[in-house]
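Visitor: Here it is: the structure, laid out below.
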Amino acid sequence: MWACTGNPLVTEICAGSGLDWLLIDGEHSINSLESISVQLQVAAGYPIQPVVRLPINDTVLIKQYLDLGAQNLLVPMVDTADQAAAAVAAVRYPPHGVRGVGSALARASRWNRIENYLARADETVTLLVQVETAEAVANVAAIAATDGVDGIFVGPSDLAASMGYLGQQEHPEVVAAVERCIRTAKDLGVPVGVNAFAEATARRYLDAGVDFILVGADVALLARASEALAAKYLPQESAETQGSPASY
Ligand SMILES: O=C(O)C(=O)C[C@H](O)[C@@H](O)CO
């Protein structure tokens, strides 16, 4: 599930839901370094894997996200193997990468309470990269095969937009492109994930062999459930007129 509210209470509610992984989103939400840090602390008490999405493939932000304790990163908008390699370098300490050293100040090392953290840090980080443009789909084999990339995640919303089908994540050509990415990753033995809120589409991608999938979002669940509650007790026209803000 997407965790987009930035609120640790909401993330804790979702963390205890029985879901096995959460994506704390730093790209399309109000999440900040501070809010992500607190949500990681909250999720640590539950049997759930938190993945944190950055807003951009950026060496400095990757350093900060890793230092605050994110161990599973999702880097958006990776279109080429070179961009994937840059993300790999950002998550690794020298000599294998360029991650800045600040473990004495960082929650990631528990302020150097974790013995030998620097030497072992690289093996504690999982790097996922997003394939979400037509260019990335054309390069998906090279991206997935990039040394240090632990998995790919296909973004149908941005992929649809990139293919000229803005808002049409279920368009047959978009679905076909997603399935092509899934097949390519499976052939390479690289874990592959996807985002699919429509159950039929989610199950189609699961049948295609996707290894991990996002099937909902905290904000979407709250929006739909509150609308349903309004519709249940308010006259329909009243519920509808109260649904949209004066300014959009
Ligand atoms: O392109 C996508 O799909 C994603 O990366 C997920 C979107 O960012 C999010 O809006 C959920 O649809």
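The values are calculated or read from the model by the stated rules, or taken from the named source; none is laboratory data. Since we're looking at a predicted model, the values are computed, not measured. Every residue, glycine among them, receives a Cβ derived from its backbone with ideal geometry; neighbour counts consider all protein chains shown. Just so you know, the surface numbers come from the protein's heavy atoms only, side chains and all, with ligands and any DNA or RNA stripped out. Shrake-Rupley method; radii C 1.70, N 1.55, O 1.52, S 1.80 Å.
Visitor: Which peptide among 222-228, 7-13 comes first, and what is the full order, when sorted by highest mean count of other Cβ atoms within 10 Å?
Guide: Packing proxy ranking, top to bottom: 7-13, 222-228.
Visitor: Expressed as a whole percentage, what fraction of the accessible surface of the chain belongs to carbon and sulfur atoms when a 1.4 Å probe is rolled over the protein heavy atoms?
Guide: 56
Visitor: Over the chain, with a Gaussian network built from C-alpha contacts below 10 Å, which listed residue (Thr124, Thr184, Thr146) shows the highest mean-square fluctuation?
Guide: Answer for the Gaussian network model of the chain: Thr124.
Visitor: For the charge dipole of the chain, defined by +1 on Lys and Arg C-beta atoms and -1 on Asp and Glu C-beta atoms about the Cα centroid, which residue among Ala231, Phe153, Val178 has the Cα displaced farthest towards the positive pole?
Guide: Value: Phe153.
Visitor: Any chance you could run the full-extension gain for Glu173 through Ala138? It's 0.36 nm times the residue separation minus the Cα-Cα distance, nm to one decimal.
Guide: Full extension from Glu173 to Ala138 adds 11.2 nm.
Visitor: Counting only the heavy atoms of the protein chains, how much of His171 is accessible to a 1.4 Å probe, in Å² to the nearest 10?
Guide: Its accessible surface works out to 40 Å², give or take rounding.
Visitor: On to the next question. Comparing Ala230, Ala86, Ala145, which has the greatest mean-square fluctuation in the GNM of the chain with Cα pairs linked when under 10 Å apart?
Guide: Among Ala230, Ala86, Ala145, the largest GNM mean-square fluctuation belongs to Ala230.
Visitor: Another question, if that's okay. Rolling a 1.4 Å sphere over the protein heavy atoms, what is the accessible area per residue of the chain, to the nearest Å²?
Guide: Roughly 50 Å² per residue, with all protein chains present.
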